[in-house]
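See below for the structure under consideration.
The values are calculated or read from the model by the stated rules, or taken from the named source; none is laboratory data. Quick caveat: nothing in here was measured; it's all calculated off a predicted structure. So basically every Cβ, Gly included, is an ideal-geometry build from the backbone, and we count neighbours across all protein chains shown.
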Amino acid sequence: MRVLTRREELLSQARRHPEAVVDQLLASEQQNKALLEKVRKLEESQSLNSRNSGKPPSSDGLAKPAPRSLRNKTGRRPGGQPGHPGHTLEPVKTPDHQKVHLLDRCPCGQCGGVSLQSQPVLDYERRQVFDLPPLCLEVTEHRAEIKICPVSSLKVKAAFPAGVEAPVQYGPNFRGLTLYLFHQQLLPFDRLRQTCLDLFGQPLSLGTVSQTNERAYQTLAPVEAAIARALIQAPVVHVDESGLRVAGCLHWIHVASTADLTFYGVHGKRGTEAMDALGILPECRHWLVHDHWKPYYKYDALHALCNQHLLRELKFLAEENHQDWAAQLSRFLLDWKDNPITPLGLDEEQFQKAHAGYKAIVRQGRQLHPRRRPGQGRTRQGKAANLLDRLDDYDLHVLAFLVDPQVPFTNNQGEQDIRMIKVKQKISGCFRTLPGAQTFARIRGYLSTCRKQGHNLLDACHQLIIGQPFMPNLPPAAAP
């Protein structure tokens, strides 16, 4: 008896029950389409990395993609360019110490080393060595005189200077250094303790660090309030947020900053509840630069999108999905960013021309990925269609850098300001308590502001310890 092949079996079944075979073929075709779509999505997800999406570089693992800059080639050689001032060690006019090296015997090699002690010194060849003095803690003992009042016969004593409060304590210079190492150089407590032991032969207790941080936090309250007032009045504010582990739970670090000011806030929520509590964004009426996170749009401000995020998404569509319109839009944005007239501000005719070019490229993409019609419900769209919806609906937010020359092309300022908080978390793991995280955020915001305004950060820490922190340069209306 001959065994029927699968093909013969299907043909026989088709003759007997043609409707069932058609249904089976249609079901197989739908299943194949679903599998192909799943494979496509899996391939897309595997192709995402830090340079073509919003994924952080830490997610790339060991198989990091080859670096490929979004910038156009300029033709210049790498390294310092002509006119760059450069930095080198320069001699000083008045050194702290001088060592004279005597010339007793002649080293010319022709006189047999004749004595030169009686010869006058014609000149000196000078070489300067920059070095640290030996590091040690100097102990100053304060003695307050005790006497007897000749009138009342009571025992009285002299007052100690301000800041001398305990029988044994650290001085403001040392405590300022620990504040600097902990908050600016991000040394965790164990490494800070080891550093102080190695440098000064003095171990440091956790209580000393905690007390120093708490006093600094209280002292900086008016400074932080002044920074917040100045940010509310700033013409452009960069905002961003990122996850933060506090007491084993997910919290959020929020940043609002400019080129001169930095404010950090820690909250248990990410959205408007947190931003309302921090009190800056509800009062802002000027430009907010962000990454298109929807809660930012609940605030009555002018909104500008970070084009660096858009360029990454466009890069993915151009390289992985071979979308020509995405490559064109990337070139369009970068060309306008580098155009010499952009920093000067576009007139109405120039902006309308740029806006028309932008819309023309978006229409090319729409031909391939039309907008979802109202009757289609909540059907899922692909990445390209979702991006085109954003580019279409928020066109003036994308082109805000052309609307107002004060608006930057990216939100790099906000992202850079929040990055070091993430570094702190990677070094130390998490914050043990919410007050500890809030203390770190306030002190770090003060140091970031001081750095932006040209203050020496070690001096800034010392001034903070003695209760006289630098008050940042603020607009007249924002000054306390």
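A few notes on this one:
- Within segment 225-237, the set of residues being touching a strand residue (DSSP E or B) at 6+ places or on another chain (Cβ under 7 Å) and either assigned to a helix (DSSP H, G or I) or closer than 16 Å to Arg442 by Cα (or both) comprises Ile227, Ala228, Leu231.
- Scanning segment 326-349 finds no residues that are touching a strand residue (DSSP E or B) at 6+ places or on another chain (Cβ under 9 Å) and closer than 29 Å to Glu415 by Cα.
- Among the residues of segment 164-205, the one identified as outside any helix (DSSP H, G or I), touching a helix residue (DSSP H, G or I) at 6+ places or on another chain (Cβ under 7 Å) and within 14 Å of Ala460 (Cβ to Cβ) is Gln184.
- Test: Glu90 is within 42 Å of the chain's Cα centre (by Cα) and more than 30 Å from Tyr446 (Cα to Cα): yes
- If you go through segment 259-279 and keep only what is in a loop (DSSP other than H, G, I, E, B) and surrounded by fewer than 21 Cβ atoms within 10 Å (Cβ to Cβ), you end up with Ala259, Asp260, Gly268, Lys269, Arg270, Gly271, Gly279.
- Residue within segment 393-411 that is part of a loop (DSSP other than H, G, I, E, B) and among the hydroxyl-bearing types (Ser, Thr, Tyr) present: yes
- Sole exception among (1) hydroxyl-bearing (Ser, Thr, Tyr); (2) modelled with pLDDT under 95; (3) closer than 27 Å to Gln416 by Cβ for Tyr264, by number: (2)
- Test: residue in segment 133-150 that is under 22 Å from Val209 (Cβ atoms) and surrounded by 10 or more Cβ atoms within 10 Å (Cβ to Cβ): yes
- Residue in segment 370-384 that is in a helix (DSSP H, G or I), more than 25 Å from Lys38 (Cβ to Cβ) and either free of Cβ contacts under 8 Å to residues at least 24 places away in the same chain or in the same structural domain as Val289 (by TED's automatic domain parsing) (or both) present: yes
- Only listed residue being surrounded by fewer than 11 Cβ atoms within 10 Å (Cβ to Cβ), more than 29 Å from Leu434 (Cα to Cα) and at pLDDT below 95, chosen from Val164, Val168: Val168
- Within segment 103-128, residues that are in contact (Cβ under 8 Å) with a residue 24 or more places away in the chain have Cβ atoms under 6 Å from residues that are loosely packed, with under 10 Cβ neighbours inside 10 Å and in a loop (DSSP other than H, G, I, E, B) in these pairs: Gln128/Pro91, counting only partners at least 6 apart in sequence or on another chain.
- Within segment 434-462, the residues that satisfy the criterion of being closer than 15 Å to Ala226 by Cβ and of a type in the set (D, E, K, R) are Arg442, Lys452.
- Residue that is farthest from Phe200 (Cα to Cα) [pool: residues in segment 137-163 that are among the hydrophobic types (A, V, I, L, M, F, W, C) and part of a strand (DSSP E or B)]: Ile148
- Residue selected from segment 332-342 under the condition surrounded by 14 or more Cβ atoms within 10 Å (Cβ to Cβ) and outside any loop (DSSP other than H, G, I, E, B), by the criterion farthest from the chain's Cα centre (by Cα): Phe332
- Output for segment 299-326, where each listed residue is of a type in the set (D, E, K, R) and in contact with a Leu (Cβ under 9 Å, 6 or more places away or on another chain): Arg312, Glu313, Lys315, Glu320
- Subset tally (residues that are surrounded by fewer than 11 Cβ atoms within 10 Å (Cβ to Cβ) and at positive phi) for segment 171-210: 1
- When Leu244 is tested against (1) at pLDDT 95 or above; (2) of a type in the set (A, V, I, L, M, F, W, C); (3) touching a strand residue (DSSP E or B) at 6+ places or on another chain (Cβ under 6 Å), only condition (1) is not met.
- Filtered residues of segment 259-277 (kept if within 17 Å of Ala441 (Cβ to Cβ) and among the hydroxyl-bearing types (Ser, Thr, Tyr)): Thr262, Tyr264
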